[in-house]
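I have placed the structure first, in the form of structure tokens, so that the comments after it can refer back to it.
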Amino acid sequence: MTTSLKQRLVASVMDREGGYVNHPSDRGGPTNYGITVAVARENGYQGDMRSLPKSLAVRIYEARYWTSIRLDRIAPISATLAEYLFDFGVNSGPGRAAQELQRTLNVLNSRGKLFPDLNVDGAVGPVTLNALADYRKARGGAGLYVLAESINGVRIAFCRGLAERDERQEDFAYGWFKRVVNLRNEVESDHADRLVATLYTEIETEVA
């Protein structure tokens, strides 16, 4: 089975998040496969979170955390950047992930010489995508690596801030940092391919 980056990201995050969890320190409340009750309700699911269909979780991950921030367009430019933005969106919201991409591009545009400053609105459209393409043209692969790793640095700082402001979030801080640091190795491994095969076979059976 040939697997796509999107499939590997979805399968990896669902494996990492596991099944139903209702941790008292989790501000998102009950989750299943990493999907919060609020997000499930937004997507029309009104049942017990313990019974959230795996196929619905996959559709939510693909639509909310991949398609909404145009990772189909970003991945051909930098697969690593797409990986980081997807997982950032899962942890902190796709709008925040997109805003941090825009903010980071703005400070890397050589005071507007490479491309004009972007509106930091969390909406990845033609202007943001063109700015990313202009950045790649000017900085090349090495520049894309710097951009992607800068986004990861922002993620760690954001998570640290959550734990500093709310001591209960220290329950998750080590796991958050570990997740960010190890993400690429997990997603690009043979294990991720096996997770894809298992997950997508299961949801085909579930839907049938």
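In table form, for the structure just shown:
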quantity: All positions within the stretch 70-84 that are under 12 Å from the mean Cα position of the chain (by Cα), touching a residue at least 60 places away in the same chain (Cβ under 8 Å) and closer than 16 Å to ALA131 by Cα; calculated: LEU71, LEU81, ALA82
quantity: Single condition ASN152 does not satisfy, out of (1) within 18 Å of the chain's Cα centre (by Cα); (2) free of Cβ contacts under 8 Å to residues at least 40 places away in the same chain; calculated: (2)
quantity: So GLU62, is it touching a residue at least 24 places away in the same chain (Cβ under 8 Å) and closer than 27 Å to GLY161 by Cα; calculated: no
quantity: Hey, TYR84 touching a Phe, Trp or Tyr at 6+ places or on another chain (Cβ under 9 Å) and crowded, with 21+ Cβ neighbours inside 10 Å or not; calculated: no
quantity: Qualifying positions in the stretch 90-110 - farther than 21 Å from ASN130 by Cα and either small (Gly, Ala, Ser) or buried (at least 21 other Cβ atoms within 10 Å of the Cβ) (or both); calculated: VAL90, SER92, GLY93
quantity: Residue in the stretch 1-53 that is surrounded by the most Cβ atoms within 10 Å (Cβ to Cβ), counting only those that are of a type in the set (Asp, Glu) and touching a residue at least 12 places away in the same chain (Cβ under 8 Å); calculated: ASP15
quantity: Where THR67 falls short, out of the listed (1) within 23 Å of LEU183 (Cβ to Cβ); (2) surrounded by fewer than 15 Cβ atoms within 10 Å (Cβ to Cβ); (3) touching a residue at least 12 places away in the same chain (Cβ under 8 Å); calculated: (3)
quantity: Residue that is farthest from LYS178 (Cα to Cα) [pool: residues in the stretch 11-56 that are modelled with pLDDT under 90 and among the polar types (S, T, N, Q)]; calculated: ASN22
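Quick grid of which residues meet (1) surrounded by 14 or more Cβ atoms within 10 Å (Cβ to Cβ); (2) touching a His at 6+ places or on another chain (Cβ under 9 Å); (3) modelled with pLDDT under 95; (4) not aromatic (Phe, Trp, Tyr):
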position: VAL120; (1), (2), (3), (4): yes, no, no, yes
position: GLY143; (1), (2), (3), (4): yes, no, no, yes
position: ALA148; (1), (2), (3), (4): yes, no, no, yes
position: GLY175; (1), (2), (3), (4): no, no, yes, yes
position: ARG179; (1), (2), (3), (4): yes, no, yes, yes
position: LEU195; (1), (2), (3), (4): yes, no, yes, yes
position: GLU206; (1), (2), (3), (4): no, no, yes, yes
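The values are calculated or read from the model by the stated rules, or taken from the named source; none is laboratory data. This structure is a prediction, so every number in the text was calculated from the model and none was measured. Please note: Cβ atoms are built from the backbone with ideal geometry, for glycine as well, and neighbour counts cover all protein chains shown.
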